[in-house]
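Below: the structure, in C-alpha cells.
The values are calculated or read from the model by the stated rules, or taken from the named source; none is laboratory data. All values reported here derive from a predicted model rather than from experimental measurement. With ideal geometry, Cβ positions are generated from the backbone for all residues, glycine too; neighbour counts draw on all protein chains shown.
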Amino acid sequence: MRHALIPMLALVASLCAALPAPAGLAPANVLVVYNSQNAVSQAVRDLYVSARPGVLELDLNSTQLGPGSISRADFVTLIRDPVRAFINGTGGGPDLSQQVIAIVTTRGLPARVLSPLGTADEFEISSAWASVESELVLLQQDLEMAETGILPFRYSGFIDNPYHRVFDQAIDTYSRAQITAPRTFTEFQTMSGQDLVGSWQIDGFTPGDMYLVCRLDSAPFDFNDPSALDAIAALLDRSQSLDVCVSQVQGLLDAFQLDPMEAGLDNGAFPPLIEGSDDFNNTTGVLGMLGVSATNDRTSNFVTAGELADQTRPLVALGSYGENHSAFSRGESPPGDGVYLYDYWFHPAAVFIGIESWNGTSLYTPTGFRITFQQQAAPLVNLGGSFTVVTVMEPFTIGIADLEMIVDNLFVRGLTFAEAAYSAIPCLSWQQVPLGDPLATVTLSDGEHFDRNVDNRIDAEDLYDYEVLPSDHDCDGDVDDDDRAALSAQVRRSEGL
C-alpha cells in the first residue's frame, strides 16, 4: 500500500483455565487440500494429518498445479471444481457440504489468482486480483457469472463479509442448511472521489454459508528450502497448546502521527458496507482489559524492539504500519528494507497485522516482485509466532484485517483462529490469506483474564468474583494475597484511581 493508500477506503472452575472453545469446530469439520504431485504440498499435508488426526483430506493430484499464481480459468478447473465436487459428494462420495466448515490449503499450492485484465486493474476497487483462499470461502457460489452493472463479473471487486466484526459468535452456531443454494448478488455503488465504484453484497448470505479457509505456509528464501517445512512443523506443534500468561507478554501498536480528526491507515472504511474503526486504539483497549501492557505509539518515531520500555517480555500482538510508516512524510521508515519483523521477540501465540499491501508476496514469488521493499508477514511463522493475515496484492486500507477482532475473539472469547481471522477480514473474493492452524485456540492464564465476568470492564465486580473463586493472577503457580493485589491494581488502573 505504499503508493496506493485509500483512507476511505467467565468465569471458570479451575485454576488458570481457558475460556471454553466452541463445541462444533473439530478436525472432522476441517478439509485439508493438497497436491501429491508437489513434494512440499504432500509434506505439509503429512504434517497436518499427524498434528490433527481426524481431518478430512482431498488430493488434487495434478501435475499442472505448482506454487505461484494461477489464472482464473485454471483456478476454476484445477482447484474450485474438484474441491466443490468432493465436498458436495458429486464424485461419488458423501455430501460434506455442511460438515466441512474450515479448509486448509498448503504450501506448494498456488496462492494468487490472476486478474484477466492483468495489472490494468491492480489499483482499482473493481480489481479481480484475489487470493486462492479468499475465493474458496465462497466455494458454493458462481463467481464467474457475468453481471450487468459497473462490475462486469461477480469476481470483480470485493464481496461484503457478513462475519466481519462479529464478536463471540462461533461459526457452528449458524445454520449451514442452505450453503449450496445459489444466491442473488446485489451491486452496491458509491462515490470514491470523482469515481463511481462498486462492490457486492450477497442476498441472504450468512456466516453459515462460508468456508473458513486458512493456509499453512512460511517464508524461507526458496520454495524448496527444507526450513519451510521445519517452520510449519514447529507452528503445528506449538498450535496444539498455546498458553499466554498475560502479565508476561506485551503488545505494540505502531502508527504514524495524525492530523486532528484524521483517520489512520488502520481505520479503512467503505461506508456503509465497511465502517471504519480505530483498530490500533481498539486493540490497545482489548489488551488492557486482558491485563497485557501495550505500547500504542502515534508519533513520527518507528518503534524498534530496542526502544520498547520493557525489554524482558515478548510481543503477543504487533500491529504496524511497517514500511508505510513513512507514507506522506508522516513518520520515519523502519530500519532496513522490509526486515523490521526480525527485530522483535515473539511469544508462540503472537499475532501480527502489518498494513502493507504486498506483505504476502512470499507466498507466490519468494525471491521476486516487491518482496524487497515491504515486510513479508509470513516470516512470523519462522520467528516463532502463530497468527497473521497477509495480502497478495493491493487491498487498500479497506481490506486490512482488524487486529482487534483477532485478539478479542481468539484471546478473550476462546474462538478458533479460523473464526477470529474471518471476523477480522472485511472483504471476501479479495486478497487476504490467513496463515495459521484454523483449529488453534489460546489459553489465558492469570485466572483467564482480569475482566473475570467478561463485561468489558475491570471493576469491583471482578474483585467480588475473585473472592468467590480466587485465581493465579500473577502467574507464579499459587493462589495467595499477591493475586488479589494484582487484580486490585488492574481495577485501580482501569478506574483511574
Review point. Any residue in the stretch 302-318 that is touching a Lys or Arg at 6+ places or on another chain (Cβ under 7 Å) and modelled with pLDDT under 90?
Key: no
**Study point:** Index of the failed condition, Ser293 passing every other in (1) closer than 22 Å to Thr443 by Cβ; (2) in contact with a Ser or Thr (Cβ under 8 Å, 6 or more places away or on another chain)
**Key:** (2)
Practice item. Determine the pairs where a residue that is farther than 14 Å from Asp481 by Cα, located within the stretch 457-469, has a partner that is among the charged types (D, E, K, R) and not in a loop (DSSP other than H, G, I, E, B) with Cβ atoms under 8 Å apart, the partner being 6 or more residues away or on another chain. Key: Ile458/Arg493
Review point. Scanning the stretch 89-121 for residues that are touching an Asp or Glu at 6+ places or on another chain (Cβ under 7 Å) and farther than 19 Å from Arg154 by Cβ, which turns out surrounded by the fewest Cβ atoms within 10 Å (Cβ to Cβ)?
Key: Gly89
Review point. If the Cβ limit is 8 Å and pairs must be 6+ apart or interchain, which residue in the stretch 269-281 that is farther than 13 Å from Pro426 by Cα pairs with which residue that is assigned to a helix (DSSP H, G or I)?
Key: Phe280/Leu403
Point to revise | In the stretch 297-326, the residues that are buried (at least 18 other Cβ atoms within 10 Å of the Cβ) and either assigned to a strand (DSSP E or B) or small (Gly, Ala, Ser) (or both) | key: Asp297, Leu315, Val316, Ala317, Leu318, Gly319, Ser320, Gly322
Exercise for review: Can you tell me which residue within the stretch 182-211, out of those that are at pLDDT 90 or above and more than 18 Å from Tyr155 (Cα to Cα), is surrounded by the fewest Cβ atoms within 10 Å (Cβ to Cβ)?
Suggested key: Gly204
Review point. If you go through the stretch 266-278 one residue at a time, do you hit one that is buried (at least 19 other Cβ atoms within 10 Å of the Cβ), at pLDDT below 95 and within 21 Å of Glu332 (Cα to Cα)?
Key: yes
**Study point:** Tally of residues being under 20 Å from the mean Cα position of the chain (by Cα), more than 17 Å from Ala401 (Cβ to Cβ) and aliphatic (A, V, I, L, M) across the stretch 137-175
**Key:** 3
Practice item. Please find, among Ala219, Ala231, the residue that is surrounded by 15 or more Cβ atoms within 10 Å (Cβ to Cβ), aliphatic (A, V, I, L, M), in contact with a helix residue (DSSP H, G or I) (Cβ under 9 Å, 6 or more places away or on another chain) and assigned to a helix (DSSP H, G or I). Key: Ala231
Revision key, fill the gap. Selection from the stretch 318-343 of residues among the small types (Gly, Ala, Ser) and under 23 Å from Asp402 (Cα atoms) yields Gly319, Ser320, Gly322, Ser326, Ala327, Gly331, Ser333, Gly338
